[in-house]
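In what follows, a single structure is set out as structure tokens and then discussed.
The values are calculated or read from the model by the stated rules, or taken from the named source; none is laboratory data. Predicted, not measured: the structure shown is a model, and the values here were computed from it. Reconstructed Cβ throughout: ideal geometry from the backbone, glycine too, with neighbour counts over all protein chains shown. What goes into the accessible areas is simple: the full protein's heavy atoms, side chains included, and nothing from ligands, DNA or RNA. Shrake-Rupley method; radii C 1.70, N 1.55, O 1.52, S 1.80 Å.
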Amino acid sequence: MDNDLYDISKYSETDKQFWNEFIGKSKNGTFLLNIDYMHYHKDRFEDFSIIIRKKNEIVAVMPGNRVGDTLYSHQGLTYGGLIILPDTKAEDVINYFNLINTFLKENGINKVIYKAIPYIYSSLPAQEDEYALFRLNAKIIACGISSVIDLSNKIPFTKSRIGSIKKAAKHHLEIKEDEGYSDYWCILTENLKNKYNTRPVHNLGEITKLKNCFPNNIKLYTVYKEDICIAGVVIYETDIVAHVQYISANEMGKKIGALDFLFNYLINEKYKHKKYFDFGTSVENQGYYLNKGLIFQKQGFGGRGVVYKQYEYSTDLLID
């Protein structure tokens, strides 16, 4: 390919509109790759996102942040990687990686940690990047297994999940949409502190800000019993996938099966028109520890494995 036709540059604020428009046209971009989402916590990261243009038109972008001589794609995102157009071919992607590696090397970056986008988020097949990574001798350094339901071909719920749903239904529970953020965040924060001595990735202010930016993509579903919030789930919606971002319940909610009641509604009613329902990963320590208790519940609803992979490779290499 004639690389003189291409221009590669680091993202700047003047690119924002063009970047966001490109994400909307791409075959594997989601709202998480929108600048307003990526940069809600930009003070925590040194942005090093990349734009490739051909004849002044964007043909690929890659979200990224820099730490020393390493580029991450992106530490603040669940997934990142090379975002491409529907008509992009394998040889184009190989060329893009060569352009990116040369550009990174020129800027003192020697290593890339690459978060591949799981296939379920693409509107068309889009794993050309993983083939290119293979050619770059990239190694997998993390692998999370997520529990995903194909909503057009669902596996029946297990008897234990069905029993829990029936038990919860006797308590006259009410499901609310986008109500009770403060109530729910108290439950979520307390549970994470007590169980894992950690905090939600997003604090209440951040999730509220993101909700306001993406009202059609970020939804909170809460369960109330007698006007008291007892459980909830945050859903990240794309055109294809309903992704579970947070799951939590208080002691009452756990006791009466409020989350099972809520998931039954989300899977069989609210999101039945989507292609996939993604419960998220159930691993720790880069995937080397499987949380069997957590994945047990998700598999009980019929969730089965889709992997979230992270690769590492050197910018010294180019693909012949």
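Between Ser122, Ser152, Ser26, the GNM of the chain built on Cα springs shorter than 10 angstrom shows Ser152 fluctuating the most.
Residues with amide H under 5 Å of Val59's amide H, sequence separation 5 or more or different chain, H placed in the peptide plane at 1.01 Å from N; which? Counting only residues 5 or more places away or on other chains, the set is Ile52, Arg53, Lys54. In whole angstrom, how far apart do the alpha carbon centroids of segment 36-110 and segment 155-197 sit? Centre-to-centre (Cα) distance: 38 Å.
Using θ = phi - 60° in the Karplus curve 6.51 cos²θ - 1.76 cosθ + 1.60, the 3J(HN,Hα) couplings for segment 29-43 round to x, 10, 4, 4, 8, 5, 4, 5, 7, 4, 9, 5, 10, 5, 5 Hz; x is entered for Gly and Pro.
A 20 angstrom limit on the alpha carbon distance is what I want to check against. Which of Lys167/Lys219; Lys219/Lys275; Lys139/Lys298; Lys10/Lys209; Lys105/Lys309; Lys170/Lys225 exceed it?
Numbers: Lys167/Lys219 26 Å; Lys219/Lys275 18 Å; Lys139/Lys298 29 Å; Lys10/Lys209 26 Å; Lys105/Lys309 24 Å; Lys170/Lys225 11 Å.
Result: Lys167/Lys219; Lys139/Lys298; Lys10/Lys209; Lys105/Lys309 exceed 20 Å.
Kirkwood's formula applied to the C-alpha pairs of the chain gives a hydrodynamic radius of 20.9 angstrom.
The slack between Lys105 and Asn137, meaning 0.36 nm per residue of separation minus the straight C-alpha distance, is 9.8 nm. Taking the chain as a Gaussian network, Cα atoms linked when under 10 Å apart, which of Gln245, Gln17, Gln297 shows the biggest mean-square fluctuation? Residue with maximal mean-square fluctuation among Gln245, Gln17, Gln297: Gln17. Solvent-accessible area per residue in the chain equals 48 Å², computed with a 1.4 angstrom probe and all protein chains kept.
I'd like the carbon and sulfur percentage of the solvent accessible area for segment 143-253, probe radius 1.4 Å, heavy atoms only, ligands and nucleic acids excluded.
Working: 2970 of 5820 Å².
Here it works out to 51 percent.
Simple point charges give the picture: +1 on the Cβ of Lys and Arg, -1 on the Cβ of Asp and Glu, and for segment 2-142 a dipole about the Cα centre of about 320 debye. Under the convention that each Lys and Arg Cβ holds +1 and each Asp and Glu Cβ holds -1, the size of the dipole of segment 188-320 around its Cα centre is about 400 debye. Distance between the modelled labels on Ser152 and Asn291, one decimal in nanometres: 3.1 nm (7 Å Cα→Cβ projection).
What shape does segment 52-97 have by the C-alpha gyration tensor, where a ≥ b ≥ c are the square roots of the eigenvalues, rounded means a/c under 1.5, and otherwise prolate means a/b greater than b/c and oblate the rest?
Numbers: a/c = 2.18, a/b = 1.91, b/c = 1.14.
Prolate shape, in that a/c is at least 1.5 and a/b is the bigger ratio.
Helix content alone sets the calculated 222 nm mean residue ellipticity of the chain: runs of n ≥ 4 DSSP H residues at -39500 (n - 2.57) each, divided across all residues, give -9000 deg cm²/dmol. Amide H contacts of Ile218: Glu237, each under 5 Å away and 5 or more positions distant or on a separate chain (H built 1.01 Å from N in the peptide plane; Pro and chain starts excluded).
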